[in-house]
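Asker: After the C-alpha cells below, expect a handful of questions from me.
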Amino acid sequence: MNWWRHVMAMEIRKILAYRSDFWIIFLGQTAVQLVIATALWKSIFETQGTIQMNGFTLPMMTLYYLIVPIGMRMLTGENIGFISREIYDGSFNRYLIYPLSVFQYKAVTYLTYSLFYGVQLILLFSIYQFTMIDVTPTLMTFVHLFEGVALFLISATTYVLMAMLIELLALWADNIWTLVVMLRFFTSFFGGGFIPLAFFPLWAREILVFTPFPYLVSLPVRTVMGQSSSIEITLGIVVLLCWSFFFMGCVTLMWNKGQKNYSGVGI
Amino acid sequence: MKRYIRLYFHFLRFSFSKAMEFRLDFSFRIIMDIIYYTVNILFFKVIYLHTPMLAGWNENQMMIFVSGYLLVDAINMTIFSTNMWWLPYYINKGELDYYLIRPVSPLFFLSLKEFSANSFLNLMMAIGFFTYSLNQYTGPFDTLDIFLYVLFLLNGSMIYFCTQMLMILPVFWTHSARGFVDLFYSLGLAMERPDRIYKGWLRVLFTFILPFAVIASFPARFFLEPFDWKLFVHTAVVTVFIWSLMLFVWKKGLQNYSSASS
C-alpha cells in the first residue's frame, strides 16, 4: 500500500495549481529576504570596518540568508490550520473513517511541502555554485547540501509534531492560529533565522541548547554551508529524534484526551 | 462624510462584540503581538551587541525608529489587516457583489468593515513602547517634533495600506487564492530596516517603486535629524502617487470583476 505516494502526488498538484503564485512566492520571498539581510549586514560590516564577524564574512552571510528562507519554508510548510481548520468546520470526520492514521496522513502531506522546498534549495544551490562560487570560498559541496536537506527533513518532522500539538488544541479552544504564528516567531528567532546564533550572547546560546530551536534551523543551515562536523550532525539528529518522540507522545496523549471533545459538527 | 463616520462607529461596535465572543482567541492575539514586538526589539538589541552604530543611528535612536514601525504595524493590524485578509477571498469567490450593491463606497466598506478589537489593545501597547522610547531618547526634541513624527507615521500607515492593496488587487486578474499577499509580508521586512542600508537600485526600489522605506524610516529621520525638504517632497510625491495608483488599479479591477467564483 503506497498510499503516501498518492497523497504526495496530490499535494504536489495542489502546490503547482497556481504556478504564477508559486514562482512569485518562491523567487520573490527568497530574493526579498536575501537582499534586505545582505544590505543590513553590509552596512554593519562597513561600519565596523571588518571583513569577518563571529566567524562570518559578508559572502558567507549572504549565503546564510539565501538558505534560511527556503529552509524555513521546508520547516514550517504552507498550512497554518492544517488540522484545526478541519476540526472547526467538521470535515475532520473523514479522517476518522480512513483506514490509516490521521497523523501519518497529515505528516505526509506536510512533509511533501518540505520535500518540494528541498528541491528548490538544491536548484538554488546549483545556480549559486555556477555563478558565485568564485567569490564565496566556503566548504560547501553537494554532499553538504544533501546532508543539510536531509537534516531539514528530520527537523521538519520534529516541527510538524510541534505544530500538531498546537493544532490539536482546537479540540478545546477557538482560533488557535495565533499560537502557530507564535511557534513560527520562536523558531525563526531562537533558531537563528533572523540572526545567526553565533551573534547571540553566550548565556543565551547555552540556554537555547536545551530547546529544539537551534537544531531546527541553525544546524541544518550550517550543515548546508559545510560548517557542521559529522559529530555535530549526528548529535543534532539524535537530539531531533528525542524531541520528536517527546512531541509524538504529547500528540498521542492529547488526541486520546481531545477526541472525546470532538463533536463532528464544526463551529 | 457624517454618514461614513456613523457607519464606522457601527463597524467598531460590531467588531468589539464579535471579538468578545472568542475570549481565548482575544488573549492569544495579544500574546502573539507581544511576542512580535519583543522579537523585533531583541533583533536590534542583539545587533547592537556587535556594532555601536547602524545606518548612522545609535541604539537609542534605533529604538525610536523601531517604536515607529511597530506603531505603523499596530495601526494597520487594528484597522485594515482583517479586511485585507478577506478581500482576496471575496474577489476570488465572487462575493464582492454583496459589497458593490451597497449605497456606500465599496472601497471604504471593504477596507474598514472589520476593526480588529484584539489588536486595538496591542495598539495601546505600541503607543506605550513609543512613549517609552521617546522618554529614553537623550537627543533634543520638542512637542512639534513628536506631532510631526506621529503625523508622518500615520501617513506611513496609509502608504502601507495602499501597498498592501496593490499586492492584493492582482487577484482580479490572476484569480489566485491569495494574490501576492505572501510576498507583501516578506516585503514588509523592508519597512523594518533603516532606509540608509539600501544603496543603488535597492534604494530606488524601496523608496520609489515599493516605498516600504518611506513608511517608518523617513518619519524617524524627520524626528532624529534636521528637517530635510527633499525628504519631505519625496514623501509627499510617493504618498500621492501610490494612493492614485491604488485607486486606479482598484477601478480597473472592478471593471474586470466577473462575479463568477474561481
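Asker: For A:Lys14, state whether it is assigned to a helix (DSSP H, G or I), over 29 Å from A:Phe200 (Cβ atoms) and within 14 Å of chain B (Cβ to nearest Cβ).
Answerer: Working: assigned to a helix (DSSP H, G or I): yes; over 29 Å from A:Phe200 (Cβ atoms): yes; within 14 Å of chain B (Cβ to nearest Cβ): yes.
Answer is yes for this residue.
Asker: Pull up segment B:248-257, narrow it to residues that are without any contact (Cβ under 8 Å) to a residue 12 or more places away in the chain and of a type outside the set (Lys, Arg), then point me to the one that is nearest to B:Leu153 (Cα to Cα).
Answerer: Selected residue: B:Phe248.
Asker: Only residues that are without any contact (Cβ under 8 Å) to a residue 60 or more places away in the chain, part of a helix (DSSP H, G or I) and surrounded by 18 or more Cβ atoms within 10 Å (Cβ to Cβ): list them for segment A:187-212, please.
Answerer: A:Phe189, A:Phe190, A:Leu197, A:Leu208
Asker: If you don't mind, there's one more thing I want to ask. Which ones in segment A:178-231 are at positive phi and more than 14 Å from chain B (Cβ to nearest Cβ)?
Answerer: Our first condition is that a residue be at positive phi; within segment A:178-231, this holds for A:192, A:226.
Of everything in segment A:178-231, just one residue is at positive phi and more than 14 Å from chain B (Cβ to nearest Cβ), namely A:Gly226.
Asker: Tell me, yes or no, whether segment A:64-80 has at least one residue that is over 30 Å from A:Leu179 (Cβ atoms) and surrounded by 15 or more Cβ atoms within 10 Å (Cβ to Cβ).
Answerer: Filtering segment A:64-80 down to residues over 30 Å from A:Leu179 (Cβ atoms) leaves none.
The answer is no; no qualifying residue exists.
Asker: What number goes with the only condition from (1) within 14 Å of chain B (Cβ to nearest Cβ); (2) out of contact with any Asp or Glu (no Cβ under 7 Å at 6 or more places or on another chain) that A:Asn175 does not pass?
Answerer: (2)
Asker: If you don't mind, another one. Checking the condition on the phi < 0 side of the Ramachandran plot, free of Cβ contacts under 8 Å to residues at least 60 places away in the same chain and not aromatic (Phe, Trp, Tyr), which residue from B:Thr174, B:Thr163 passes? Explain how you work it out, then say what you get.
Answerer: On the way: B:Thr163 fails: free of Cβ contacts under 8 Å to residues at least 60 places away in the same chain.
None of the others qualify; the one that does is B:Thr174.
Asker: Among the residues of segment A:72-81, is any under 30 Å from B:Asp195 (Cα atoms) and of a type outside the set (Val, Ile, Thr)? Walk me through it before giving the result.
Answerer: Residues of segment A:72-81 under 30 Å from B:Asp195 (Cα atoms): A:72-73, A:76.
Still in the running and of a type outside the set (Val, Ile, Thr): A:72-73.
Scanning segment A:72-81 turns up at least one residue that is under 30 Å from B:Asp195 (Cα atoms) and of a type outside the set (Val, Ile, Thr).
Asker: Determine whether A:Glu46 is surrounded by fewer than 20 Cβ atoms within 10 Å (Cβ to Cβ) and more than 13 Å from every other protein chain (Cβ to nearest Cβ). Explain how you work it out, then say what you get.
Answerer: On the way: surrounded by fewer than 20 Cβ atoms within 10 Å (Cβ to Cβ): yes; more than 13 Å from every other protein chain (Cβ to nearest Cβ): no.
The answer is no for A:Glu46.
Residues are listed down the side, and each one gets a yes or a no for (1) surrounded by 15 or more Cβ atoms within 10 Å (Cβ to Cβ); (2) in contact with an Asp or Glu (Cβ under 9 Å, 6 or more places away or on another chain); (3) within 29 Å of A:Ile80 (Cα to Cα):
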{"site": "B:Phe180", "(1), (2), (3)": "yes, yes, yes"}
{"site": "B:Met191", "(1), (2), (3)": "yes, yes, yes"}
{"site": "B:Arg196", "(1), (2), (3)": "yes, no, no"}
{"site": "B:Thr207", "(1), (2), (3)": "yes, yes, no"}
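Asker: Inspect all residues belonging to segment A:108-129 and state whether any of them is surrounded by 14 or more Cβ atoms within 10 Å (Cβ to Cβ), without any contact (Cβ under 8 Å) to a residue 24 or more places away in the chain and more than 20 Å from A:Ala9 (Cβ to Cβ).
Answerer: There is at least one residue in segment A:108-129 that is surrounded by 14 or more Cβ atoms within 10 Å (Cβ to Cβ), without any contact (Cβ under 8 Å) to a residue 24 or more places away in the chain and more than 20 Å from A:Ala9 (Cβ to Cβ).
Asker: Can you tell me which residue in segment B:196-255 is farthest from A:Lys42 (Cα to Cα), limited to those that are small (Gly, Ala, Ser) and over 21 Å from the mean Cα position of the chain (by Cα)?
Answerer: Just the residues of segment B:196-255 that are small (Gly, Ala, Ser), to begin with: B:200, B:213, B:216-217, B:220, B:236, B:244, B:253.
Narrowing further to those that are over 21 Å from the mean Cα position of the chain (by Cα): B:200, B:253.
Working: B:Gly200: 13, B:Gly253: 40 Å.
Out of the qualifying residues, it is B:Gly253.
Asker: Just the residues that are more than 9 Å from chain B (Cβ to nearest Cβ) and either surrounded by 18 or more Cβ atoms within 10 Å (Cβ to Cβ) or not in a helix (DSSP H, G or I) (or both), please, taken from segment A:18-37.
Answerer: A:Phe26, A:Leu34
Asker: Conditions first: (1) among the hydrophobic types (A, V, I, L, M, F, W, C); (2) buried (at least 17 other Cβ atoms within 10 Å of the Cβ); (3) under 19 Å from the mean Cα position of the chain (by Cα). A:Cys242 passes all but one, so which condition is the exception?
Answerer: It is condition (2) that A:Cys242 fails.
Asker: Ok, one more. Within segment B:22-63, restricting attention to residues that are within 9 Å of chain A (Cβ to nearest Cβ) and in contact with a strand residue (DSSP E or B) (Cβ under 7 Å, 6 or more places away or on another chain), which residue is surrounded by the fewest Cβ atoms within 10 Å (Cβ to Cβ)?
Answerer: The extreme case among them is B:His50.
Asker: Another one. Just give me the residues in segment A:49-86 being over 22 Å from B:Trp57 (Cβ atoms), within 10 Å of chain B (Cβ to nearest Cβ) and either of a type in the set (A, V, I, L, M) or not in a loop (DSSP other than H, G, I, E, B) (or both), in sequence order.
Answerer: A:Pro69 - this is the single residue of segment A:49-86 that is over 22 Å from B:Trp57 (Cβ atoms), within 10 Å of chain B (Cβ to nearest Cβ) and either of a type in the set (A, V, I, L, M) or not in a loop (DSSP other than H, G, I, E, B) (or both).
Asker: For the list (1) within 13 Å of the chain's Cα centre (by Cα); (2) within 14 Å of chain A (Cβ to nearest Cβ); (3) not hydroxyl-bearing (Ser, Thr, Tyr), I need the number of the one condition that B:Gln164 fails.
Answerer: (2)
Asker: If I filter segment A:146-160 down to residues being among the aromatic types (Phe, Trp, Tyr) and crowded, with 20+ Cβ neighbours inside 10 Å, which single residue comes out as nearest to A:Ile233 (Cα to Cα)?
Answerer: Start the filter on segment A:146-160 by keeping residues that are among the aromatic types (Phe, Trp, Tyr), which leaves A:146, A:152, A:159.
Filter once more, keeping what is crowded, with 20+ Cβ neighbours inside 10 Å: A:152, A:159.
Values: A:Phe152: 11, A:Tyr159: 17 Å.
Ranking the candidates gives A:Phe152 first.
Just so you know, all these numbers are worked out from the coordinates, no wet-lab data involved. Because the structure is a prediction, the values reported are computed rather than measured. With ideal geometry, Cβ positions are generated from the backbone for all residues, glycine too; neighbour counts draw on all protein chains shown.
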